[in-house]
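The next block holds one structure in the form of structure tokens; read it before the comments.
The values are calculated or read from the model by the stated rules, or taken from the named source; none is laboratory data. Nothing here was measured: the structure is a model prediction, and the numbers come from that model. All Cβ positions, glycine included, derive from the backbone under ideal geometry; neighbour counts span all protein chains shown. Heads up: the accessible areas ignore ligands, DNA and RNA and are worked out on the full protein's heavy atoms, side chains in. Shrake-Rupley method; radii C 1.70, N 1.55, O 1.52, S 1.80 Å.
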Amino acid sequence: MLASGAQSRSEDEESLGVKDLKRTATQAFGSGVPKRRSSSRSIKRKKFDDELVESSLVKSSSRVKGPPVMEPVRCSGSEPSSSEKKKVTKSGATLTPSLTMVLNPAPLTKRVKKSKQPLHITKDLGRWKPTDDLLLINAVLQTTDLTSVHLGVKFSCRFTLREIKERWYALLYDPVISKLAWQAMRQLHPEAIAAIQSKALFSQAEEALLAKIGSTSQPKLDVFQELLSKHPNVFHPSRSPKSLLVHWQLLKQYYLLDDQSVQPLPKGDQVLNFSDAEQMVDDVKLKDSRDEVLEHELMISDRHQKREIRQLEQELPRWQVLVDSITGMSMPDFDNQTLAALRGRMVRYLMRSREITLGRATKDKQIDVDLSLEGPAWKISRKQGIIKLKNNGDFFIANEGRRPIYIDGRPVLSGNKWKLNNNSVVEIAGLRFVFLINLDLISLIKAEAAKMTQQ
């Protein structure tokens, strides 16, 4: 009984020691690693890719870096045996590193997701492109004048002088814009940079050296190559003998060389601009190279055309007789009371008063000339137009309807009027008429009107 009591006491002490050891381990581990908050709610949304990666990393680290498994240590009141001493020494040897791991846990390193591409600062540079900035910088360095840069440089867009000034001051004093422009210009291709530098404006010193070459001489490329070698500090590095030759030819064309002078225009005639001077030039003094072969061909073609016109004029009466015989409507025989006639395909309307109305007759309204007798007139207004004879013997038609009236193919809109001549073609809503004038009666009316005016 004593032996069994001692054995139960030793087992209780052993279990208490193990619990104390576990409590210390959990306190140490809990103080080193902060507790992760979790919610009992179910997350319904799908996880993103970075959240999936982080969750997988946390699971793998929790599996690898968990607390080590510790063997229980027996604590008894009696002295342990040799075999127990060996077990205790072995367990103690294995316990010390595990306690150090528990007390000083390794920090949890979070794996940072590296971006595949380096982060570049991108900003909208507006209408200004890197090529425009490079052109602006080169031109200002050459001329030191923004006005000449505005007049002489061809940018990708049409910039005003104010925009050019604002851009230049931004490149000088705005660190953000200057940095972005510098980065963009560095990314240009070397060939593009060389092409832009070749378009640099000529400075005054360069033009002064080129103007010393005489206008009567015909310099070759060797002369300009020698000029480049003598003055390397004056000319732009991108200058070539050919570019100098082209610019020298421009200076010669505009009379800007040293041995050239522009003759002043005469002051007597008050010449203000080039157009006035051009009018003063005598056309007779200008040399006009005549092409005799071309003139001969034009004369022959003109002769043939006149001959064809004469033949058509001679054949016109024959065709008129043929048409009248087919239609059955020859020229009307006017009496002394008929001023004019409006001849259609089916009927003929006689004008015996100085003013008549054209249109479509209805039960409520009667008009002088009912166009519905000629054909379908449902598109014609009830009062389409008025034909009126004036005192001077001229006939005029006024459009009073909605649709236009065509006189010899020319439209007369609503509210307008047009003069009618003999044989004028009047077209109203697809119906065509020929307006014929009694020339004998009209001539008598004109003669009487002239007498009345004289009296």
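Listed conditions (1) of a type outside the set (A, V, I, L, M); (2) open to solvent by less than 90 Å² (accessible area, probe 1.4 Å); (3) within 56 Å of the chain's Cα centre (by Cα) are all met by ARG382, apart from (2).
For ASP364, the criteria (1) under 20 Å from ILE437 (Cα atoms); (2) modelled with pLDDT under 85; (3) charged (D, E, K, R) hold in every case but one, which is (1). Which residues, counting only those in segment 183-206, are assigned to a helix (DSSP H, G or I) and open to solvent by 60 Å² or more (accessible area, probe 1.4 Å)? Passing the criteria: GLN183, ARG186, PRO190, GLU191, GLN197, SER198, GLN204. Any chance segment 169-180 includes a residue that's part of a helix (DSSP H, G or I), farther than 14 Å from VAL140 by Cα and polar (S, T, N, Q)? Yes, that holds for at least one residue.
Considering segment 348-362, and only residues there that are β-branched (Val, Ile, Thr) and surrounded by 13 or more Cβ atoms within 10 Å (Cβ to Cβ), the residue that is nearest to ILE442 (Cα to Cα) turns out to be ILE356. When ARG360, ARG348 are checked against the criterion of being free of Cβ contacts under 8 Å to residues at least 60 places away in the same chain and over 16 Å from SER424 (Cβ atoms), a single residue qualifies: ARG360. Within segment 309-347, the set of residues being at pLDDT 85 or above, basic (Lys, Arg) and open to solvent by 50 Å² or more (accessible area, probe 1.4 Å) comprises just one member, ARG310. Whenever a residue of segment 144-166 is assigned to a helix (DSSP H, G or I), its partners that are of a type in the set (Lys, Arg) and open to solvent by 60 Å² or more (accessible area, probe 1.4 Å), lying with C-beta atoms within less than 7 angstrom and at least six residues away or across chains, give the pairs LEU146/LYS165.
Scanning segment 219-262 for residues that are hydrophobic (A, V, I, L, M, F, W, C) and assigned to a helix (DSSP H, G or I) returns LEU221, VAL223, PHE224, LEU227, LEU228, LEU244, LEU245, VAL246, TRP248, LEU250, LEU251. Figure legend. Inter-residue proximity from segment 240-261: first residues open to solvent by 50 Å² or more (accessible area, probe 1.4 Å) and modelled with pLDDT under 90, second residues of a type outside the set (D, E, K, R) and part of a helix (DSSP H, G or I), beta-carbon distance below 9 Å, spacing 6+ or different chains. Indicated pairs: LEU256/ALA211; LEU256/LEU250; ASP258/ALA208; ASP258/ALA211; ASP259/ALA211. Every listed requirement among (1) loosely packed, with under 10 Cβ neighbours inside 10 Å; (2) more than 30 Å from ILE213 (Cα to Cα); (3) at pLDDT below 85 is met by ASP276 save one, (1).
In segment 113-143, of all residues being under 16 Å from TRP168 (Cβ atoms) and in a loop (DSSP other than H, G, I, E, B), the one that is modelled with the lowest pLDDT corresponds to LEU125. Those strands (runs of 3 or more DSSP E) of segment 355-429 in which 3 or more residues are among the β-branched types (Val, Ile, Thr) occupy 424-428.
Summed over segment 396-422, the residues that are touching a strand residue (DSSP E or B) at 6+ places or on another chain (Cβ under 6 Å) and more than 13 Å from GLN384 (Cα to Cα) give a count of 7.
Tally the residues that are open to solvent by less than 10 Å² (accessible area, probe 1.4 Å) and aromatic (Phe, Trp, Tyr), restricting the search to segment 416-442. Residues that pass the stated criteria total 2.
Contact map, segment 406-417: first residue on the phi < 0 side of the Ramachandran plot, second residue open to solvent by 80 Å² or more (accessible area, probe 1.4 Å) and assigned to a strand (DSSP E or B), Cβ cut-off under 7 Å, separation 6 or more or different chains; pairs are ILE407/TRP418; VAL412/TRP418.
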